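The values are calculated or read from the model by the stated rules, or taken from the named source; none is laboratory data. Please read these numbers as outputs of a predicted model, since none were measured by experiment. Positions of Cβ are backbone-derived with ideal geometry, glycine not excepted, and every protein chain shown enters the neighbour counts.
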Amino acid sequence: MRIFVKIDKMSQSVLIEQCKERVGAKRLATELSELLGVNTDAAYRRMRGDTALTFDEIQRICLRFNISFDSVINYQGRLVPFQFNGMFQDKFSILSYLTGIEQEIAMLSEIGTDDASMVMTAMDLPYFRQFGFKSLSRFKLFFWQRSVLNLPDFATRKYDANENLGEYEEITDRIYQNYHGVASTEIWAPETLDSTIKQVQYYLESGLFVDKNSAVQICDDIEALLAKLEGEAQLGRKLIQTANGTISSPFEMYQSDIFLSNNCIQAVKDGRTYTYVSFNSFNSLMSFSPHFSEECNRWIEQIRLKSILLSEVSEKLRYQFFKSLRGKLDGLRKMI
């Protein structure tokens, strides 16, 4: 039996926008036409809101594009809809997780710095930064699979900095490059490097390095990362040279002496804000609910206002901040 329950025009518009986010505006009419069994003109009428979607059509669309119906009807309500990324689900894999990140950061980079940007609080070393340094990136990928996901294939293996990871490295390279094409504001803290250093220390104490040189290479990469980051903070721009030319975008860096309780990223695209909150390593929640994004934005803004601007100005404070991070790295080197 076909149910003819309809949603209001605003909710239908929200649903269509979510569909466009997944397949693109140009492809959506064709997708809807095939999915709903209507011609292209009828699909466009539904996209414009001239023809109301039926309950049956809404159900098909939500299932096809993996959209929560709550995210449509509660778009501006007190209930906040999230997209959840879980790391202990049967189909979870590091590669699919990285593919999702790549698609999102590539989309922001393609839009350009005038219409897309992101703001992040860096409780831990951001993925976007560490992926540009081979030994560090390989270590993180190995650590996640052996010590976080506890994958059987890694149970008896030790980390080797010289082991090429194939397609993992290709996708992390693309994430790193695209990150440089997105204007960003980043709030770092004196503790941002701590978790990475503790992970290396744990592997040293547990005998999980093939040799000490593998640990040394990670330290060398962290040092190179800090040098690049400090230079970009001084310049006020992210900058990378690729085979296709230079990629650059505006960059603001802040130092917060208030402990950052989570890694939060807000991406702004075409005037719309997407909020990502990560926890438990790979678990993450994403929402573009306006009032939730506004709440997170106010939290980030409060932290930013209490932080020290390190980019372009504050030469002395910038030097002291990076000196303290290098001091922690020196302590790790002495342990090795």
Discussion item. Take GLY100 and tell me if it is surrounded by fewer than 16 Cβ atoms within 10 Å (Cβ to Cβ), at pLDDT below 85 and more than 26 Å from THR185 (Cβ to Cβ).
Written reply: no
Worksheet item: Can you name the residue in the stretch 302-319 that is part of a helix (DSSP H, G or I) and touching a strand residue (DSSP E or B) at 6+ places or on another chain (Cβ under 9 Å) and is also farthest from SER184 (Cα to Cα) among such residues?
Response: LEU317
Fill in: Given (1) in contact with a strand residue (DSSP E or B) (Cβ under 8 Å, 6 or more places away or on another chain); (2) buried (at least 18 other Cβ atoms within 10 Å of the Cβ); (3) at pLDDT 65 or above, index of the condition SER68 fails
(2)
Worksheet item: With respect to the numbered conditions (1) assigned to a loop (DSSP other than H, G, I, E, B); (2) touching a Leu at 6+ places or on another chain (Cβ under 8 Å); (3) at pLDDT below 85, which one is the sole condition not fulfilled by PHE84?
Response: (1)
Discussion item. Checking the conditions here, which among GLU301, GLU232, GLU294, GLU312 is among the acidic types (Asp, Glu), over 30 Å from ASN162 (Cα atoms) and surrounded by 13 or more Cβ atoms within 10 Å (Cβ to Cβ)?
Written reply: GLU312
Discussion item. Can you find a residue that is assigned by TED's automatic domain parsing to the domain that holds LEU239, crowded, with 22+ Cβ neighbours inside 10 Å and touching a Gly at 6+ places or on another chain (Cβ under 9 Å) anywhere in the stretch 105-115?
Written reply: yes
Item to complete: Find the residue count for the stretch 1-46, including only residues that are at pLDDT 80 or above, more than 24 Å from ALA106 (Cα to Cα) and polar (S, T, N, Q).
Response: 5
Discussion item. Can you list the helices (runs of 4 or more DSSP H) lying wholly within the stretch 120-196 that have 3 or more residues being of a type in the set (A, V, I, L, M, F, W, C) and crowded, with 21+ Cβ neighbours inside 10 Å?
Written reply: 134-143
Discussion item. Report every pair of residues separated by at least 6 positions or lying on different chains whose Cβ atoms are under 7 Å apart, first residue within the stretch 181-207 and among the charged types (D, E, K, R), second modelled with pLDDT of 95 or more.
Written reply: GLU186/MET253
Worksheet, complete the sentence: Apart from one, (1) modelled with pLDDT under 95; (2) exposed (fewer than 15 other Cβ atoms within 10 Å of the Cβ); (3) in contact with a helix residue (DSSP H, G or I) (Cβ under 9 Å, 6 or more places away or on another chain); (4) not hydrophobic (A, V, I, L, M, F, W, C) all hold for THR275; the odd one out is (2)
Practice prompt. Select from the stretch 32-61 the residues that are of a type in the set (A, V, I, L, M, F, W, C), free of Cβ contacts under 8 Å to residues at least 40 places away in the same chain and assigned to a helix (DSSP H, G or I) and write down the one among them that is nearest to VAL14 (Cα to Cα).
Written response: MET47
Fill in: Positions within the stretch 103-142 being closer than 30 Å to ASN213 by Cα, at pLDDT below 90 and charged (D, E, K, R), in sequence order
ASP124
Practice prompt. Among residues belonging to the stretch 209-227 that are without any contact (Cβ under 8 Å) to a residue 60 or more places away in the chain and in contact with a helix residue (DSSP H, G or I) (Cβ under 9 Å, 6 or more places away or on another chain), point out the one that is nearest to ILE303 (Cα to Cα).
Written response: ALA227
Worksheet entry | Count of the stretch 93-119 residues which are closer than 26 Å to SER195 by Cβ, in a helix (DSSP H, G or I), touching a residue at least 24 places away in the same chain (Cβ under 8 Å) and under 13 Å from the mean Cα position of the chain (by Cα) | 8
Worksheet, complete the sentence: Within the stretch 232-262, the count of residues that are in contact with a Phe, Trp or Tyr (Cβ under 8 Å, 6 or more places away or on another chain) and at pLDDT below 85 comes to 1
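Within the bounds of the stretch 280-299, is there any residue that is in the same structural domain as GLN145 (by TED's automatic domain parsing), touching a Leu at 6+ places or on another chain (Cβ under 9 Å) and either under 25 Å from ASP194 (Cβ atoms) or free of Cβ contacts under 8 Å to residues at least 60 places away in the same chain (or both)?
Yes, there is a match, as at least one residue in the stretch 280-299 is in the same structural domain as GLN145 (by TED's automatic domain parsing), touching a Leu at 6+ places or on another chain (Cβ under 9 Å) and either under 25 Å from ASP194 (Cβ atoms) or free of Cβ contacts under 8 Å to residues at least 60 places away in the same chain (or both).
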